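Input: a single structure, listed below in structure tokens.
The values are calculated or read from the model by the stated rules, or taken from the named source; none is laboratory data. Keep in mind it's a predicted model, so treat the numbers as computed, not measured. As a convention, Cβ positions derive from the backbone with ideal geometry for all residues, glycine included, and neighbour counts pool all protein chains shown. What goes into the accessible areas is simple: the full protein's heavy atoms, side chains included, and nothing from ligands, DNA or RNA. Shrake-Rupley method; radii C 1.70, N 1.55, O 1.52, S 1.80 Å.
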Amino acid sequence: FSGMLQESMGTSGNRESRLTGSNSSGQAGIARKFKNGLEFSSAISVNLVKMLTGDRASFWGVLGDASISVPLLRGAGEFIVQEPLRQAERNLLYAVREFEQYKKDFAYNIVQSYLNTLQAAQRVRNQAENYKRVVASTRRSRRMANAGRLPEYQFDQAVQDELRARDSWISACQSNANSLDSFKILVGLPTDAQIVLQEQELANLALDLQALTTGKPPVDYSGEIPPADAEVILLEPDDSNAGKYEIQDVKAIALAFQQRLDLQTLADRVADAQRKVLIAEDALRAELTLGGSAAVGQRRSYSNTRQNNAEFNTRAGSYSGLLTLDLPWERTRERNVYRESLLDLEAAVRSLQSKEDEIKLDIRRNLRMLRQYRETLIIQSQAVTLAERRVKSTDTLLQAGRAEIRDLLEAQGALLSAQNSLTGAVVSYRLQEFDLQRNLGVLTVSAEGQLQELNLQEYK
């Protein structure tokens, strides 16, 4: 729809017969393009001319006109005409999908940073406990050396290990502070903001994953021990206690192909490219257009000498029809556009295929990493138990004079390493679960920013 109001003043003629007047006009119009390509436009205008010289007469003018254009060959049909609207709607859909994917990636990054910060805090606690154990061992070795029960060089070994423990503790504290600052920046807080992390979250997570470590231990010497020269058979990881997200890779890939928004967008872009090929092919055809126009009435102006009002008489109207034919003799530009559309279609297909291969690779890697970290959980759980028992027994032997301080220091170092590795395995396994759900396209974020995980038991 269109409308316009206009006021003008003008003068014409020589000095003796000059005419001066004002022209007030108003116009309303409508233009519409239909699905089949038909274009229709119509307008009606009314104006009032007031003469400011002579007899100062005034008169009305009225004019109505309409035109129509119908493409019969090139550019005709709903498929061609609606393409701009169709593509605009699809671009909006692509933008929504892209935003949803960004939300998932951003939420995953926050979870990753949060769990890594909790892991850094747990590493500080482990280093602090180890530092205390080493200090206690150093004090004991000093007293035993004073009593002649321990050589002086073993006391020096304890002091060196205490220095290393202090250095590792300070380094862990600084690393934890850096990790915490990075997390604050990620969630939009200043680095000097005071926040308290829920440290119990890591313990609860380890408790939730404890069921994964209840399977058959990878190392068991409780029963009958084979001879040393017997054949060693390497056992594959036991999947009987697999986690809830360790599903079959075939089902996982099929689920990802169904749920991944970016893959759906790439598939839709292939359809877009196919349509563009057809549209570019249509532009190579001849152009045949049927048109017509009609005008009824007449406008008035201050230079018009007929001092009477215009009449809206359809019998006195002006009507015309037109048929134009543009043969496809020169279509160089259209030909180049058509060739480019074919290349764009091939590129869209390759992008879709590349994304499918990338999704397969990511999902298979996620499932392998879940199995690996599950085995690491089992191994490090057993390693922590053995390291704790080793520290106690070595400390007892040292007090009895049957072990050296180096043995105790090595046992304490092994305990610290096992504790840190167990914490890392817990965090890594949970992050792999999130990453797998993200790659599957089933990890969603609510309007309130809450992560919503999908139960994948039916896909196991």
Original post:
Farthest toward the dipole's positive end in the stretch 81-146, which of SER137, ASN126, TYR102, given Cβ charges of +1 (Lys, Arg) and -1 (Asp, Glu) about the Cα centre?
Top reply: SER137
**OP:** For the chain, find the longest principal axis of its Cα atoms and tell me its angle to the long axis of helix 152-186, 0 to 90°, nearest 10.
**Re:** 20 degrees
**OP:** Could you tell me whether the stretch 156-295 comes out rounded, prolate or oblate from its Cα gyration tensor? Rule is a ≥ b ≥ c as square roots of the eigenvalues, rounded for a/c under 1.5, then prolate if a/b exceeds b/c, otherwise oblate.
**Re:** oblate
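So for the chain, considering every pair of alpha-carbon atoms, how many percent are separated by more than 39 Å?
Numbers: 61543 of 105570 pairs.
Roughly 58 percent, once rounded to a whole number.
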Original post:
By how many degrees, between 0 and 90 and to the nearest 10, does the Cα long axis of helix 249-259 differ from the longest principal axis of the chain?
Top reply: 30 degrees
Subject >> Whole-number accessible area per residue in Å² for the chain, which is evaluated in the context of all protein chains at 1.4 Å >> reply: 60 Å²
Subject >> Linear extension gain, ASN178 paired with LEU343, 0.36 nm per residue minus alpha-carbon span >> reply: 54.5 nm
**OP:** Starting from the stretch 356-449, pick out the trypsin sites (Lys or Arg not before Pro) whose DSSP state is loop and whose Cβ has at most 11 other Cβ atoms within 10 Å.
**Re:** ARG402
Original post:
To the nearest 20 debye, what is the magnitude of the charge dipole of the stretch 1-146 about its Cα centre, counting +1 on the Cβ of each Lys and Arg and -1 on the Cβ of each Asp and Glu?
Top reply: 2120 debye
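Arrange the peptides 170-179, 49-58 so that the one whose residues have, on average, the most other Cβ atoms within 10 Å appears first.
Most protected by this proxy first, the peptides run 170-179, 49-58.
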**OP:** State, in angstrom, two size descriptors of the stretch 10-105 derived from its alpha carbons: Rg to one decimal place and Dmax to the nearest whole number.
**Re:** 25.7, 83
Original post:
What are the principal axis extents of the Cα atoms in the stretch 298-449, in Å, biggest first?
Top reply: 132, 44, 25
Subject >> Unit charges on C-beta of K, R, D, E only; dipole of the chain, Debye >> reply: 1440 debye
**OP:** Send over the per residue convex hull volume for the stretch 108-193, Cα only, as a whole number of Å³.
**Re:** 78 Å³
Subject >> Residue-averaged 222 nm ellipticity for the chain, from DSSP H runs of 4+ at -39500 (n - 2.57), nearest 500 >> reply: -19500 deg cm²/dmol
Original post:
Cα axis of helix 332-399 to longest principal axis of the chain: angle in degrees, 0 to 90, nearest 10?
Top reply: 20 degrees
**OP:** Quick one: pull the percent of accessible area on the chain belonging to carbon and sulfur, 1.4 Å probe, ligands and nucleic acids left out.
**Re:** 53 percent
